[in-house]
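Here the structure is laid out as structure tokens; the discussion comes afterwards.
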Amino acid sequence: MSTPYYVSPEQIRQDKEDFVRRGIAQAKEVVVLEYQDGLLMVAENPRKTTFKISEIYDRIALAAAGRIAEYEILRVAGIRESEVKGFRYYREDVTAKWLTNLYSQHMGAVAQAWDAKPLEIELLVCEVGTTDAPANSELRNNQIYHIAFDGIYSEEEKYAVIGGRATAITGILEQRYTDGLEMAAALQLITDTFRTVESDAEDNYQITPETIEVACLEKTADRRKFRRLSADEVTTLLS
């Protein structure tokens, strides 16, 4: 009888992490940035048939970098769970922190299963504050959570970036970002940042209103805060 092949848990985890990192490194970036009236979300995405940014619930949106098929599964699951909780309890009980914990548990369980492929994806769960909440309430504050493939998540402030060149883009935003930007200025900052990192790329990818996906969560909107911007609206803002 042959001896079973042994691989240490540490090596399995490292192999999975390397596998996911190689996939994420090829993914175009998504930036979520706090602006004057809420949260602006911009993704490099020339496809018209798939989205990398989507509405989940009244004040919550989800953005992803990585495999679109895996993102779609998580997006649908998030919408279903949010609708059920909002219907059974109160709509205010559906928060980005609660949803982040659900995603974290699921993604962590998949990553820890020795016989399962980890999800090749990173997520940003975003929630915009509301002006109707009491002065000291957490509901007035914007929330951005970054979830890695293994379920580990962190809370970001002001802006967050996922995708292959997230480190480079974050470094540029650290130097150029200022509080209280209007939407046009925030969008211009993100597109200029994309152009800066693309100028060093081999594929010469062009950043235009047709090759980016733009959406926002607006504090001043009615119950549903999510709004997707058309290419014409993006063109107007950038002009």
Overall Cα dimensions of the stretch 30-238 - principal axes, largest extent first, Å: 48, 47, 31
C-alpha long axis of helix 9-25 to longest principal axis of the chain, angle in °: 40
Length released on extending from residue 73 to residue 232, taking residue separation times 0.36 nm less the Cα-Cα span: 54.3 nm
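Longer than 19 Å from Cα to Cα, which of 97/225; 97/158; 48/158; 28/48 are they? Say none if no pair is. Could the numbers behind the result be given before it?
Values: 97/225 17 Å; 97/158 16 Å; 48/158 28 Å; 28/48 15 Å.
Check vs 19 Å cut-off fails for 48/158.
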Peptides ranked, highest mean first, by Cβ atoms within 10 Å: ranges 218-230, 145-157: 145-157, 218-230
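Packing-wise, with mean Cβ within 10 Å as the measure, how do 105-113, 163-171 rank, highest first?
Values: 105-113: 16.0, 163-171: 17.9.
My ranking of the peptides, most packed first, is 163-171, 105-113.
Let's see if you can work this out: charge +1 on each Lys and Arg Cβ, -1 on each Asp and Glu Cβ, no other charges. What is the dipole magnitude of the stretch 1-110 about its Cα centre, in debye to the nearest 20? Intermediate results must be reported in sequence, preceding the final value.
On the way: 16 positive and 16 negative charges, 55 e Å.
Rounded to the nearest 20 debye, it is 260 debye.
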Relative contact order [Cα under 8 Å, 6+ residues apart], the stretch 1-151, whole percent: 23
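Given a cut-off of under 8 Å on Cα pairs at least six residues apart, what relative contact order in percent is computed for the stretch 30-238? Mind showing how you got there, number by number?
On the way: 377 pairs, mean separation 61.4, N = 209.
29 percent.
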Low-density loop positions, trypsin sites (Lys or Arg not before Pro), the stretch 48-125 - DSSP coil, at most 12 other Cβ in 10 Å: 48
Qualifying chymotrypsin sites (Phe, Trp or Tyr not before Pro) for the stretch 53-100 [loop in DSSP, other Cβ within 10 Å: at most 11]: 89, 90
Between helix 166-176 and the chain: long-axis angle, C-alpha atoms, 0 to 90°, nearest 10: 30
Folded to 0 to 90 degrees: helix 68-88 orientation relative to the chain principal axis, Cα: 70
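From the helices alone, meaning DSSP H stretches of at least four residues, give me the mean residue ellipticity at 222 nm for the chain, per-run term -39500 (n - 2.57), in deg cm²/dmol to the nearest 500.
Numbers: 6 runs with 90 residues, N = 239.
Per the formula, -12500 deg cm²/dmol.
Just so you know, all these numbers are worked out from the coordinates, no wet-lab data involved. Given the structure is predicted, the values throughout are model-derived calculations rather than measurements. Because the Cβ atoms are built from the backbone with ideal geometry, glycine has one as well, and the counts that use them run over all protein chains shown.
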